[in-house]
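In what follows, a single structure is set out as structure tokens and then discussed.
Read the figures in this text as sums done on the coordinates, not as results from a lab. These figures come from a predicted structure and were not determined experimentally. When we count neighbours, we look across all protein chains shown, and the Cβ atoms used for this are built from the backbone with ideal geometry, even at glycine.
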Amino acid sequence: MKNRKTALTSAEQQARSPQAVFEQLQAGNLRYVNGTPNQMDASALRSETVDGQHPQAVVLSCIDSRVPVEMIFDQYIGDIFVARVAGNFENPDILGSMEYACAVAGSKLIVVLGHAGCGAIKAACDGVELGHITDLLASIQPAVDKVQAATQSTPTSKDADFVNATIAENVRLTMGRILEKSSILKDLQRGGTIDVVGGVYQLDSGEVTWLD
């Protein structure tokens, strides 16, 4: 395995294009799937990042414990920002976090990461209503409605095809809303400084299936 002795520097971060960062994450996921992750010295990385950080990407993922974001992409201390909420959708706090990551801290890529078997998506398909979960699922409902309209199917968590389609659609809609709601991120994307990509993590294989 290859040693990775130093944290990302500002120069390294700024030299990478959004496409290059995307390729870095793709390569990291391949290492994760193949069981050949880079070695790391956590103590050294902690020391190197005490006075600053230069992450190359920000990933919005679900809170699911089976989706360890840094591990999935073979990333370490100082490499990526991670925002998590059940159902991996945007809200004002997450948009602000993304704006900080990209406009202030210099990250080049936003990744919206859904995952197979998402409990939040299944709950939205079933119309669950419970405490604050009800409000949370309302943010996922547009994806449920869009898949229902396209397939003429009845939403249910027992329909694997419906759930999988909704998981992917939720990622796509979230990607679009990020740029619709944040003029800062939209301007950075238009200027080629950042890009936004989406994928679905497969629990069984560990692979991220990237969406067009």
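Brief remarks on what is shown
- Global geometry of region 19-74, whether rounded, prolate or oblate, following the gyration tensor of its Cα atoms and the 1.5 cut on a/c: rounded
- Estimated from helices alone, the mean residue ellipticity of the chain at 222 nm is -13000 deg cm²/dmol (sum of -39500 (n - 2.57) over DSSP H runs with n ≥ 4, per residue).
- Relative contact order (percent, whole number), the chain, Cα cutoff 8 Å, 6+ residue spacing: 23 percent
- Shown in residue order for region 156-161 are the 3J(HN,Hα) couplings computed by the Karplus curve 6.51 cos²θ - 1.76 cosθ + 1.60 at θ = phi - 60°: 7, 5, 7, 8, 4, 5 Hz (x for Gly and Pro).
- Sequence-distant residues sharing a close amide H with Gly198 (under 5 Å, placed H): Val112, Leu211
- Long-range amide H partners of Ser107 with built H, under 5 Å: Cys102
- Förster radius 35 Å - calculated FRET efficiency between Gln14 and Leu211 (Cβ-Cβ, nearest 0.05): 0.80
- Note on the chain: lysine pairs with Cα distance below 27 Å, sequence gap of 8 or more or different chains, count 10.
- Given charges at beta-carbon only (K, R positive; D, E negative), |dipole| of region 3-210 in Debye: 260 debye
- Principal axis dimensions, largest first and in whole angstrom, of region 41-133 by Cα: 47, 27, 22
- Positive-end extreme of charge dipole, region 3-210 - chosen from Phe73, Ala86, Pro142 (charges on Cβ): Phe73
- Column: log10 I(q)/I(0), Debye, Cα scatterers of region 105-212, q = 0.12, 0.17, 0.18 Å⁻¹: -0.46, -0.84, -0.91
- Antiparallel bridges, percent of DSSP beta bridges restricted to the chain (to nearest 5): 15 percent
- Equivalent ellipsoid dimensions for region 126-175 as semi-axes, Å, which come from the Cα gyration tensor, largest first: 18, 14, 9
- In order through region 76-89: 3J(HN,Hα) via Karplus (6.51 cos²θ - 1.76 cosθ + 1.60), integer Hz, x for Gly, Pro: 10, 4, x, 8, 9, 7, 9, 10, 9, 7, 4, x, 6, 10
- ³J(HN,Hα) computed for each position of region 57-64 - Karplus, 6.51 cos²θ - 1.76 cosθ + 1.60, integer Hz, glycine/proline x: 8, 10, 10, 9, 10, 6, 7, 3
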